[in-house]
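Asker: Okay, handing you the structure first.
The values are calculated or read from the model by the stated rules, or taken from the named source; none is laboratory data. Everything numeric here is computed off the predicted structure, so don't read it as measured data. Virtual Cβ from ideal backbone geometry, glycine too; neighbours counted across all protein chains shown.
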Amino acid sequence: MAELISKADLVQYGAGIDLDGPRVEMMIQIASEAVIEAAGSPIAQTRSVVDIPAMPSRVLRLPGLPVTEVHSVFIGGLAVTGWTRITAGLYLPRGWSTYGLETVTVDYTHGLPFVPADIKDLVARMTIAGLLAAQDGADALALNNGRLSSFAIDDYREAYATGEEVEAITEMTLPERTRQRLAKRFGGGATVGGSL
């Protein structure tokens, strides 16, 4: 998968971390993969092959907006012609499915020509959090397997909820709300068959 930031992007944060350390590239890769996975499609411009179930509708929505170029379209191994590329995908006047459920295979270029600043910031912050946790002496990312369930001030007490119902969280875990926002923004939802 593509990295959404570089080491140079981390310099502006001045977080007091060693950018030449062995973990920097790994943390950038992990954070980038977490964000791309949540988005449901590559964010930066790339070429992909996707398999999408065809519906009777005339518009076939493709993940990883915007769609910038379509190289080929196949249904059941046969080339499809007569479609028009639109920002959200492909338009076919007769509709995409005439014989029930069919799979459309599309080879196309999509995504943004550059990674948006807010996405770079998100990946940079995740990377720095992971690096700072590792810098504090941990050999692996810190695992928070509990949530604060009560807190008292006088005679200081804390209690944490634990057990199987509590989600394991690391510095690279995105909150569900952020995951949903990324999927909505970048058109996730179809299965990516491969990237070229």
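Asker: Take the conditions in contact with a helix residue (DSSP H, G or I) (Cβ under 9 Å, 6 or more places away or on another chain), in a helix (DSSP H, G or I) and under 28 Å from Pro175 (Cβ atoms) and apply them to Ala31. Does it pass?
Answerer: yes
Asker: Identify, by number, the condition in (1) modelled with pLDDT of 65 or more; (2) not assigned by TED's automatic domain parsing to the domain that holds Val80 that Gly189 doesn't meet.
Answerer: Against the list (1) modelled with pLDDT of 65 or more; (2) not assigned by TED's automatic domain parsing to the domain that holds Val80, Gly189 comes up short only on (1).
Asker: Scanning for something without any contact (Cβ under 8 Å) to a residue 24 or more places away in the chain and either assigned by TED's automatic domain parsing to the domain that holds Thr127 or over 20 Å from the mean Cα position of the chain (by Cα) (or both), does the range 37-58 turn up at least one residue?
Answerer: yes
Asker: Within the range 70-119, count every residue that is aliphatic (A, V, I, L, M), free of Cβ contacts under 8 Å to residues at least 24 places away in the same chain and farther than 15 Å from Asp51 by Cβ.
Answerer: Number of matching residues: 2.
Asker: Here are the criteria: (1) modelled with pLDDT of 90 or more; (2) surrounded by 15 or more Cβ atoms within 10 Å (Cβ to Cβ); (3) closer than 28 Å to Glu176 by Cβ; (4) in contact with a Ser or Thr (Cβ under 7 Å, 6 or more places away or on another chain). Tell me which single one Pro63 does not satisfy.
Answerer: In the conditions (1) modelled with pLDDT of 90 or more; (2) surrounded by 15 or more Cβ atoms within 10 Å (Cβ to Cβ); (3) closer than 28 Å to Glu176 by Cβ; (4) in contact with a Ser or Thr (Cβ under 7 Å, 6 or more places away or on another chain), Pro63 misses (1) alone.
Asker: Something else: When the residues of the range 4-28 are filtered to those that are in contact (Cβ under 8 Å) with a residue 40 or more places away in the chain and in a helix (DSSP H, G or I), which remaining residue is surrounded by the most Cβ atoms within 10 Å (Cβ to Cβ)?
Answerer: Met27
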